[in-house]
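Structure first, commentary second.
The values are calculated or read from the model by the stated rules, or taken from the named source; none is laboratory data. This structure is a prediction, so every number in the text was calculated from the model and none was measured. Using ideal geometry, Cβ is built from the backbone for each residue, glycine included, and neighbour counts are taken over all protein chains shown. We work out accessible area using only protein heavy atoms, side chains counted, and drop any ligands, DNA or RNA first. Shrake-Rupley method; radii C 1.70, N 1.55, O 1.52, S 1.80 Å.
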Amino acid sequence: MQILETRVAPAWVDYNGHMNDAEYARVFSLAVEMLMDHIGLDAAGRDRHRYTLYTLETHLCYRREAHEDQPLRVALTLLDRDAKRLHVFFEMQDTKGNLLATSEQMLMGVSRESSRPDAFPPDVAETIAALPQAKPGAWPALAGRTISIRR
């Protein structure tokens, strides 16, 4: 499911002439915000439910360079979920469908009243349940990777 469209801002370009590595994380963070909006945790939803999402873990994988003003598209695959967590996988592509980067993330639902993990509010949980979810064994090839030096 496509979740975000944006462009590489001039301020995101580094001394090598391409998008700085930290800016890839920014784009994926914007994608999380769009996901939050989609599931009912936009600003009004966060205030109404006194609830938000925190990022617990992120694994970024850089595949190709992105350059100033280049259009970017980010797609979301829901890998897994439970009562308070989302395991998501984002793919950033250019307009030709070339894979630029991926971000695998574990997101945790948190009560803004207690600042502790808590189950998704019922209407948010219902929207999450309707998201397309990858079947076990049918995850994207780059999902579930670990960092290691191959010997």
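Given a Förster distance of 22 angstrom, what is the FRET efficiency for Leu142 paired with Gln70, based on the Cβ-Cβ distance and rounded to 0.05?
0.60
For the pair Asp37 and Met106, how long in nm is the line joining their label points, each one 7 Å along Cα→Cβ?
That separation, rounded to one decimal, is 2.8 nm.
Starting at the first residue of the range 111-119, write each ³J(HN,Hα) from the Karplus equation 6.51 cos²θ - 1.76 cosθ + 1.60 with θ = phi - 60°, in whole Hz, x for Gly and Pro.
6, 6, 6, 9, 6, 10, x, 8, 5
For Arg48 and Tyr15 in one chain, what is 0.36 nm times their gap in residues minus the Cα-Cα distance, to one decimal in nm?
Full-extension gain reported as 7.5 nm.
How fast does the range 18-151 diffuse by Stokes-Einstein, in µm²/s, taking the Kirkwood radius from C-alpha pairs at 10 °C and 1.306 mPa s?
D, rounded to a whole number, is 100 µm²/s.
To the nearest 20 Debye, how big is the dipole of the range 57-143 about its Cα centre, given +1 on the beta carbon of each Lys and Arg and -1 on that of each Asp and Glu?
Using Cβ point charges on Lys, Arg, Asp and Glu, the range 57-143 gives about 200 debye.
At 1.4 Å probe radius, can you tell me the per residue accessible area of the range 45-88 in Å²?
It amounts to 59 Å² per residue over the range 45-88.
So, by mean Cβ neighbours within 10 angstrom, what's the order for 137-147, 18-28, 119-129 with the highest one leading?
Result, highest mean first: 18-28, 119-129, 137-147.
Mind checking which of Arg73, Arg50, Arg116 has the largest fluctuation in a GNM of the chain, springs on alpha carbons under 10 Å?
Arg116
Work from the charge dipole of the chain (Cβ charges, +1 for Lys and Arg, -1 for Asp and Glu, about the Cα centre) and give the residue of Ala130, Leu4, Met36 farthest towards its positive end.
Result: Ala130, furthest along the dipole toward the positive end.
Roughly how many percent of the accessible protein surface of the range 41-139 is carbon and sulfur, given a 1.4 Å probe and a whole-percent answer?
That share works out to 44 percent.
What does the charge dipole of the chain about its Cα centre add up to, to the nearest 20 debye, if the Cβ of each Lys and Arg holds +1 and the Cβ of each Asp and Glu holds -1?
520 debye
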